[in-house]
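Novice: Sending over a structure as structure tokens; questions will come in a sec.
Where a number appears in this text, it was derived from the coordinates with a stated rule and is not lab data. Given the structure is predicted, the values throughout are model-derived calculations rather than measurements. Positions of Cβ are backbone-derived with ideal geometry, glycine not excepted, and every protein chain shown enters the neighbour counts.
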């Protein structure tokens, strides 16, 4: 049966329990920390914000899932090398258990999902916020597959790979950076089983491994790969419980921004590499024709980093007249009206960008390199052209005071009141490992905890954490209270719009 993008032809997460034998087993650990409520947080302010947000527009619903494109692209690269691959998404299993059995995932579920599989190589992915789950998943994988080589990849592994090996004795190797070629080398090393290791790992570029004497050895970095040679992600491996899914197509990799709080700058080293614009649109057309995709995300961290390249992508989309729409992220104030008109002509319907704060000193403290005063005019221009406009805000930036936080809240209020901003994405700062703020927070910020299970920024319906940072004027409780105030302000505008829509006879939910 050929996969055509329909959930009926996809596997189920509960098929994981059947097991099997493959050359490569890729595992996405759970995302939400243990104890995350099944139905979401009980605080009225937070719950109301998410309920209104999802009622405002169906495109914002958490029922639309974005799979781990990194693991799916690695899976495709492994398949191209002739390897058989299974993808086990424990985050989707967690969501399925919440829906079917009214409970979150437990270690026993992970054991059941992995126990029937046999593979010489198990590859896990981790972010800082689910590193605890990744460690527990690795321990279970080691127990049920004692001869397998256990590898870890992803942002957290790239930025603090040596520490990951020290904190998780079950892991033998960490893959840093792009994994499409590294995974093939690791599969070759794993063919003889763990008894050949770690000698088999010596010299594999882009890896850090544990030597026979227990020391941590860092191999040379891997050369950058040719982005136009990277295969399309293996979306056919995504379980049906994840549907509907977001298809992400990237025109480039990397970010030239200098934001001190962002782990992506550390991951990509400040470099940006671009794909052939024709190849980008080839992939969009491929997913439209083979999987029926009519809406996708342009997966660049910032789409217009190289304007002429982005214009070429848009012109190719215009030329082909594909019946698709898409959304992208840009930098506030750095999209001209002419370029915005080209994006609209190419099918872009939604634009998201970071305003972050209404206080210029706070923006300067994290080297955001944008103007707080430009946000209103930028939103107004985008709305005039018919875009759905989404802005990101952060509370708890270095040196945050009550006055500066209230300026950010007022900015949110004014943009939503003017109807030049459709929705907000409001969170508080998290000092992710590997970022400049984590290494050197400076006198304006204090990191209160290194328990990564607490490194959620308050941006999920299911989870509401206490900040792990404070400033000289605001402790964690005050930062969280100001975050809740910002949510309440946004909620009041969402409720106003929903009521106006109902009064006009349009119902409560806007359709994509």
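Novice: Once you wrap a convex hull around the alpha carbon atoms of region 7-218, what is its projected area averaged over all directions, in nm²?
Specialist: Averaged projected area of region 7-218's Cα convex hull equals 12.7 nm².
Novice: Continuing with the same structure: Given the -39500 (n - 2.57) contribution per DSSP H run of 4+ residues, what per-residue ellipticity at 222 nm results for the chain, rounded to the nearest 500 deg cm²/dmol? Each step should come with its number before you reach the end.
Specialist: On the way: 17 runs with 189 residues, N = 512.
Mean residue ellipticity at 222 nm (helix-derived): -11000 deg cm²/dmol.
Novice: I would also like to ask the following. Taking one equal scatterer on every alpha-carbon of the chain, how large is log10 of I(q)/I(0) by Debye at q = 0.05, 0.06, 0.13 1/Å?
Specialist: Each listed q corresponds, in turn, to -0.19, -0.28, -1.46.
Novice: Based on the alpha-carbon gyration tensor of region 352-412, what equivalent-ellipsoid semi-axes (square roots of 5 times the eigenvalues) come out, in whole Å, largest first? Before the final figure, lay out the partial values.
Specialist: Values: eigenvalues 98, 24, 17 Å².
They are 22, 11, 9 Å, listed largest first.
Novice: For region 401-441, would you read off the P(r) tail past 13 Å as a percentage of all alpha carbon pairs?
Specialist: Working: 530 of 820 pairs.
The proportion of pairs with Cα distances above 13 Å equals 65 percent.
Novice: Could you tell me whether region 166-292 comes out rounded, prolate or oblate from its Cα gyration tensor? Rule is a ≥ b ≥ c as square roots of the eigenvalues, rounded for a/c under 1.5, then prolate if a/b exceeds b/c, otherwise oblate.
Specialist: Details: a/c = 2.11, a/b = 1.56, b/c = 1.35.
It is prolate, given that a/c is not under 1.5 and a/b is the larger ratio.
Novice: I would also like to ask the following. Provide 212, 368, 9 in ascending order of the number of other Cβ atoms located within 10 Å of each residue's Cβ, fewest first.
Specialist: Details: 212 9, 368 25, 9 12.
In order of increasing Cβ crowding within 10 Å: 212, 9, 368.
Novice: Calculate I(q)/I(0) for region 246-503 by the Debye formula, one identical point scatterer on each C-alpha and no solvent, and give its log10 at q = 0.09, 0.13 Å⁻¹ to two decimals.
Specialist: -0.43, -0.89
Novice: Which angle between 0 and 90 degrees, to the nearest 10, do you get for helix 44-56 versus the longest principal axis of the chain when only C-alpha atoms count?
Specialist: For helix 44-56, the angle is close to 90 degrees.
Novice: Now a separate question. Determine the shape class of region 232-334: with a ≥ b ≥ c the square roots of the Cα gyration tensor eigenvalues, call it rounded for a/c under 1.5, and otherwise prolate if a/b is greater than b/c, oblate otherwise.
Specialist: On the way: a/c = 2.11, a/b = 1.33, b/c = 1.58.
Verdict is oblate for region 232-334.
Novice: Could you tell me how far the Cα centroid of region 421-455 sits from the Cα centroid of region 347-413, in Å?
Specialist: 17 Å
Novice: Let me check against my output: what whole-number percent is the relative contact order of the chain, with C-alpha pairs under 8 Å and at least 6 apart?
Specialist: This gives 16 percent for the chain.
Novice: Would you work out the relative contact order for region 246-503, in percent, from Cα pairs under 8 angstrom that are 6 or more residues apart?
Specialist: Contact order relative to length: 16 percent.
Novice: Ok, one more. Please arrange 502, 135 by counting, for each residue, the other beta carbons lying within 10 Å of its beta carbon, fewest first. All intermediate terms of the calculation are to be shown ahead of the outcome.
Specialist: Details: 502 11, 135 21.
With the sparsest Cβ surroundings first, the list reads 502, 135.
Novice: Under the definition of Cα pairs under 8 Å and six or more residues apart, what whole-number percent is the relative contact order of region 249-324? Let's see the in-between values first.
Specialist: Values: 87 pairs, mean separation 29.5, N = 76.
Across region 249-324, relative contact order equals 39 percent.
Novice: Please arrange 286, 493 by how many other C-beta atoms lie within 10 Å of their C-beta, fewest to most. Could you put the intermediate results ahead of the total?
Specialist: On the way: 286 14, 493 22.
Ordered from fewest to most neighbouring Cβ atoms within 10 Å, 286, 493 come out as 286, 493.
Novice: Next question. How would region 169-229 be classified by its alpha-carbon gyration tensor: rounded, prolate or oblate, with rounded meaning a/c under 1.5 and the a/b versus b/c comparison settling the rest? Display every interim value, and only then the final one.
Specialist: Values: a/c = 2.50, a/b = 1.65, b/c = 1.51.
Verdict is prolate for region 169-229.
Novice: Output the 0 to 90 degree angle, nearest 10, between the alpha-carbon long axis of helix 476-503 and the longest principal axis computed from the alpha carbons of the chain.
Specialist: 70 degrees
Novice: Any chance you could give the angle, 0 to 90 degrees and rounded to 10, that helix 131-144 forms with the longest Cα principal axis of the chain?
Specialist: Relative to the chain, helix 131-144 is tipped by roughly 20 degrees.
Novice: Calculate, in whole percent, how much of the Cα-Cα pair population of region 73-164 lies beyond 15 Å.
Specialist: Values: 2687 of 4186 pairs.
Summing the P(r) tail past 15 Å for region 73-164 gives 64 percent.
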